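Worksheet: the structure to be examined is printed underneath.
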Protein chains: 2
Amino acid sequence: MSKRIAGPEIEKLIQLLARVPGLGPRSARRAALHLIKKKDQLLVPLSQAMTSAAENVRVCSRCGNVDTTDPCTVCSDPRRDPATVIVVEDVADLWALERAGALNAGYHVLGGTLSPLDGIGPDQLTIRQLVSRVAEGEIKEVVLAVNATVEGQTTAHYLTDQLSGMDVRVTRLAYGVPVGGELDYLDEGTLSAALRARTAF
Amino acid sequence: MSKRIAGPEIEKLIQLLARVPGLGPRSARRAALHLIKKKDQLLVPLSQAMTSAAENVRVCSRCGNVDTTDPCTVCSDPRRDPATVIVVEDVADLWALERAGALNAGYHVLGGTLSPLDGIGPDQLTIRQLVSRVAEGEIKEVVLAVNATVEGQTTAHYLTDQLSGMDVRVTRLAYGVPVGGELDYLDEGTLSAALRARTAF
C-alpha cells in the first residue's frame with residue numbers, strides 16, 4: 001500500500017496472515033477484514049486457539065507426530081493394532097492416511113527424507129527410534145508409506161536395509177492408477193507400474 | 001476425521017482456521033500444521049497480532065472505517081484533500097481504492113447498501129453522518145464509489161437526493177471497459193455504457 005490506511009496492529013496482522021499457506025497478500029487483507037468484523041465469533045476464539053496450541057504443542061517422543069500430549073493421541077489409542085506401524089515422511093501424510101482410514105495401525109513420522117546434499121542423514125530423521133520400536137518385538141509389519149519420489153524411495157531402501165534381519169515384514173504402498181484417474185492423463189511410469197501389478201478381475 | 005488423531009487444541013485450531021475466508025477444511029489442516037511447525041516464527045506472532053487487533057480495533061466515529069484509532073488513520077491524515085470524500089459500501093472497498101491510489105481524498109464507509117427487504121434502511125447505514133460531514137461545509141465533492149449493482153445504484157440515488165440542495169458536487173465512478181478486458185467477454189451493459197461514455201482518442 002502506498003500510504004498507511006490502517007494502524008500498525010492491522011498492518012501487522014495482514015502481513016502475518018499473508019504467510020499462512022493458502023493465503024496470499026490479497027486474501028490476507030480479505031481475511032483480516034473478515035476477522036475484524038467477526039471479532040467475537042472468530043478473531044478472539046482463533047487468537048486463543050493459537051495461543052493454546054503454541055503453548056501445548058509438542059513432538060511425540062515415540063513416533064514423531066505433533067500433538068498436545070506426549071505420547072500423542074495416536075500412540076496412546078488402545079484400539080489401534082500395535083503389530084502394524086505405518087512409516088510416513090511428515091505429519092501431513094499421517095493426517096492424510098488417517099482421513100482414508102483404511103488401516104487401524106500406529107504411525108512413525110520420519111520428519112523428512114534422506115538428502116545428503118541438504119545435510120539430512122539418518123540421524124536427522126527418526127530412523128533410530130523406528131529401529132528401537134521394532135526391536136521391542138511387538139511390531140510385526142512396517143508399512144513404508146513414503147512419497148513415490150526419488151528421495152522417498154531412497155529413504156525406503158535405506159529403511160529396508162536397517163530393518164533386514166529383524167523379525168518384521170516390510171511392505172510398501174501399492175503403485176497403480178489413482179481412483180478416478182483417466183489413463184490418457186497418466187504418466188508412463190504409473191501406467192507401467194499399474195500394468196505390472198495387474199490383478200485378477 | 002473418523003478417529004481423533006490430535007488433541008482438542010489442534011482440532012479447535014483447524015476448525016476455526018477453516019472459517020477464515022480463503023481457507024477451507026483442507027487448507028485449514030495444512031495451515032494449522034504449518035503454523036505449528038513454524039511456532040516461533042509464525043504461530044506465536046500471529047496469535048499476538050490477533051489478540052492485539054481484537055483489543056484495539058474500533059470503528060471510526062467520523063467515517064465508519066475500521067482501525068485501531070478513532071478518528072482513523074485516513075481521517076487524521078493531514079495530507080489528504082479535505083474537500084473530496086469518496087463514499088464506499090464497505091471497508092474492503094476503501095482498501096481497494098487506496099491500493100489504486102488515484103485520488104488523495106477522504107472516505108466515508110456506508111456499512112452496506114439500502115435493502116428494505118433485509119431491514120436495512122438509511123438509519124442502518126452511516127448516511128446521516130455523511131450528510132452532517134457535508135453540512136460542515138469543507139467538503140466540495142462527494143464521489144459515490146458504490147458497487148455497480150442494483151442495490152449500490154439505489155443507494156447512490158438515495159444519497160444524491162439527500163445531498164441535493166447542499167453546496168456539494170456529487171459524482172460517481174466512470175463506467176466502461178475494465179483495463180485489460182476483452183470486449184468479447186464483456187456483458188452488453190458494460191459495452192453500451194462504454195460506448196455511450198466514449199471519449200476523444
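Computed from the coordinates by the stated procedures, all read-outs in this text should not be read as laboratory data. As the structure is a prediction and not an experimental result, all values here were calculated from the model. In this analysis, Cβ positions are derived from the backbone assuming ideal geometry, glycine residues included, and neighbour counts consider all displayed protein chains.
Remark on residue B:64: its backbone amide H falls under 5 Å from those of B:109, a criterion applied only to residues 5 or more positions apart or on other chains, H modelled at 1.01 Å from N. FRET efficiency for the residue B:70 to residue A:76 pair, using the beta carbon distance and R₀ = 60 Å, is estimated at 0.75.
With the contact rule set at Cα under 8 Å and sequence spacing of 6 or more, what percent relative contact order holds for chain A?
13 percent
Within chain A, what's the longest run with no GluC sites (Glu not before Pro) in a DSSP loop and at most 16 other beta-carbon atoms within 10 Å? Give the range, please.
Values: sites that count: A:136, A:138, A:182.
Free of exposed loop sites, the longest segment is A:1-135.
For residue B:143, the residues whose amide H sits under 5 Å from its own are B:85, B:86, B:87, B:171, ignoring neighbours fewer than 5 places away on the same chain, with H placed 1.01 Å from N. Nearest beta carbon of chain B to the B-to-A rotation axis, with distance in whole angstrom: B:47, 3.
Comparing B:43, B:173, B:186, which has the greatest mean-square fluctuation in the GNM of chain B with Cα pairs linked when under 10 Å apart? Highest fluctuation among the options: B:186. Each residue of the stretch B:186-193 was assigned a 3J(HN,Hα) from its phi angle through the Karplus expression (A = 6.51, B = -1.76, C = 1.60, θ = phi - 60°), giving 8, 7, 4, x, 5, 5, 4, 4 Hz with x at Gly and Pro. Taking only Cα atoms, what is the 0 to 90° angle, nearest 10, from helix A:25-37's long axis to the longest principal axis of chain A? Taking Cα atoms only, the helix is inclined about 60 degrees.
In degrees between 0 and 90, to the nearest 10, how far off the longest principal axis of chain B does helix B:150-163 point, with axes built from Cα atoms? That works out to roughly 50 degrees.
To check you understand DSSP bridge types, tell me what percent of the beta bridges within the stretch A:1-136 (both residues inside) are antiparallel, rounded to 5. DSSP beta bridges in the stretch A:1-136 are roughly 40 percent antiparallel. Restricting attention to the protein assembly as shown, close to 20% of DSSP beta bridges with both partner residues there are antiparallel. Name the long-range amide H neighbours of residue A:105: under 5 Å, sequence gap of 5 or more, or other chain; modelled H, no Pro or chain starts. For residue A:105, whose amide H was placed from the backbone, the distant partners under 5 Å are A:81.
Nothing charged except the Cβ atoms of Lys and Arg (+1) and of Asp and Glu (-1): what's the magnitude of the dipole of the protein assembly as shown about its Cα centre? Round to the nearest 20 debye. Mind showing how you got there, number by number?
Values: 44 positive and 48 negative charges, 78 e Å.
Using Cβ point charges on Lys, Arg, Asp and Glu, the protein assembly as shown gives about 380 debye.
Sequence-ordered 3J(HN,Hα) estimates for the stretch B:62-76 from the Karplus curve with 6.51, -1.76 and 1.60 and θ = phi - 60° stand at 8, 10, x, 5, 9, 7, 9, 10, 9, x, 6, 4, 5, 5, 9 Hz, glycine and proline given as x. 3J(HN,Hα) along the stretch A:175-184: 8, x, 6, x, 4, x, x, 9, 4, 4 Hz, from the Karplus curve 6.51 cos²θ - 1.76 cosθ + 1.60 with θ = phi - 60°, whole Hz, x for Gly and Pro. The trypsin sites (Lys or Arg not before Pro) of the stretch B:66-136 that meet both conditions, a loop assignment by DSSP and at most 13 other Cβ atoms within 10 Å of the site Cβ, are B:79. Rounding to the nearest 10 and keeping the result within 0 to 90°, find how far the Cα-based axis of helix B:44-56 lies from the longest principal axis of chain B. Helix B:44-56 sits at roughly 40 degrees to that axis.
Under 13 Å of direct C-alpha separation, and excluding same-chain neighbours fewer than eight residues apart, residue B:140 reaches these aspartates and glutamates: B:81, B:167.
Taking every Cα-Cα distance in the stretch B:83-172 and sorting them into 5 Å bins from zero, the calculated P(r) comes out as 3, 14, 27, 26, 19, 8, 2, 0 percent. Beta bridges from DSSP with both residues in the stretch A:66-172: antiparallel share about 5 percent, rounded to the nearest 5.
Using only the alpha carbon atoms of chain B, find the Kirkwood hydrodynamic radius as the inverse mean reciprocal pair distance, in angstroms to one decimal. Don't jump to the answer; show the numbers that get you there.
Details: mean 1/r = 0.0493 Å⁻¹.
Radius from the Kirkwood sum: 20.3 Å.
Entry note, chain B: the mean residue ellipticity at 222 nm calculated from DSSP H runs of n ≥ 4, each adding -39500 (n - 2.57), is -12000 deg cm²/dmol after division by the residues and rounding to the nearest 500. Positive end of the charge dipole of the stretch A:8-56 (Lys, Arg +1 and Asp, Glu -1 on Cβ, about the Cα centre): tell me which of A:24, A:41, A:54 has its Cα farthest that way. Highest projection toward the positive end goes to A:24. A Gaussian network model of chain A, with springs between Cα atoms under 10 Å, assigns the largest mean-square fluctuation among A:129, A:153, A:48 to A:48.
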